[in-house]
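The values are calculated or read from the model by the stated rules, or taken from the named source; none is laboratory data. Model, not experiment: these values are computed from the prediction. Backbone-built Cβ (ideal geometry, glycine too); neighbour counts: all protein chains shown.
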Ligand SMILES: *[C@@H]1O[C@H](CO)[C@@H](O)[C@H](O)[C@H]1NC(C)=O
C-alpha cells in the first residue's frame, strides 16, 4: 500500500474540510447550526416528517420559535423564561388549535354551590403550601394529542382529596373519564369541563386506577364497570369566581382544579420561573393548583401541575404570579376553580 506524501495529505484534507466549509457557507453557517439543532430536537422528541417539504416548513417554524425564545430570554426584567420544548415546531396559531391546548370547555352557567372554606381566615394560612411535600400529588402525566386536560385536571384534584381523606395516594384513571363520561360538556378528546367530570365520578361510584384502565390518548369504548372503583368523592364545590383570596383558602386545604388560557406563546414555551405579565383569559386548558408561595425576589406565585409531560415547564409544573391586579388572575386562573369533596 502506498503511503501518501505529506503534501497529498494536506491537499486531501483541505478538499474534505473546504467542501464542508463551502457547504456550510451555501446554507449559511447559522442555518447549518440551526438545521443540526432541529435534527437533534427531532431525535429527542421522536418527530418524523412525511416528506422533505414538510421538514423544510417545520424547520422554518422551529427557527422562528428559537429566535422568539432566545430574544424573550435575553430581555431584561423577566420573572420567567422560555425553552425549546416539544411544541417548538408548531406556530402559536397551530398550537392553539391542537387538542393538547384546547380541551377545556367553559361552563355556560355555573350552578351555585357551597364554599366550605368561606370562613377560613387568610391570616391563619401558611405562607407556603406545596401538596407534593405531603404526598398528595402523583407524578406528572402526559395527555399527548388528546383534548382531555379536563380529565387530567379533575383526576389530579381527586387524587389530592383522596390522599388527604384516606391517607392513600392512588393514581386514578383519566381514560375512564375519556371513554365513559359523555354527559354535560364532556366529550373525551374533544374537550370537557372538570365540574362535569366530578358529577360523573359521583354518579359512577368513583374511578378505577390508572393501571387498571390505562391512558391511550384516544377516544375509546367505555370498558368501565361500577364496582371496580378504587376511590370516590361525594361531590364538588366551586370557588367563588375572580377571588384569589378565596382560591388561596381552597388551595391551602386541598389541590384545586383551575382553568387557564394556555394559548399564549409564553405558555406554549414556558420553561421556568414565575409566569407574569400579560396573558389571555379565554379559558381553554384545565390544570390543577397544588400550592402557593413567594419566590426569592418577593413575587407571590401559584404552584400548578400541568399534564404535558416533564419536558414542559419546571419538570411538568408551573408557577404563575399570584394576587395580580386583574381579579381574574394570571391567564384567568381565578375564573372557574373548583374542587371535589370527600
Ligand atoms: C360561615 O360563617 C357564617 C356566619 O357565622 C355562617 O352562617 C356560615 O354557615 C359559615 N359557613 C360555613 C361554610 O361554615
message = If residue 38 satisfies all but one of (1) in the same structural domain as residue 297 (by TED's automatic domain parsing); (2) assigned to a helix (DSSP H, G or I); (3) under 18 Å from residue 311 (Cα atoms), what's the number of the condition it fails?
response = (1)
remark   = If we ask which residues in region 248-299 are touching a strand residue (DSSP E or B) at 6+ places or on another chain (Cβ under 9 Å) and assigned to a helix (DSSP H, G or I), their number turns out to be 7
Any chance residue 88 is away from the ligand (no atom under 16 Å from the Cβ), at pLDDT 95 or above, in a loop (DSSP other than H, G, I, E, B) and within 21 Å of residue 320 (Cβ to Cβ) = no
remark   = Picking from 106, 112, the residue that is touching a residue at least 40 places away in the same chain (Cβ under 8 Å) and away from the ligand (no atom under 16 Å from the Cβ) would be 106
inquiry  = Return the residues of region 115-126 that are within 11 Å of the ligand (Cβ to nearest atom) and surrounded by 11 or more Cβ atoms within 10 Å (Cβ to Cβ); say none if nothing qualifies.
reply    = 115, 116, 117, 118, 120
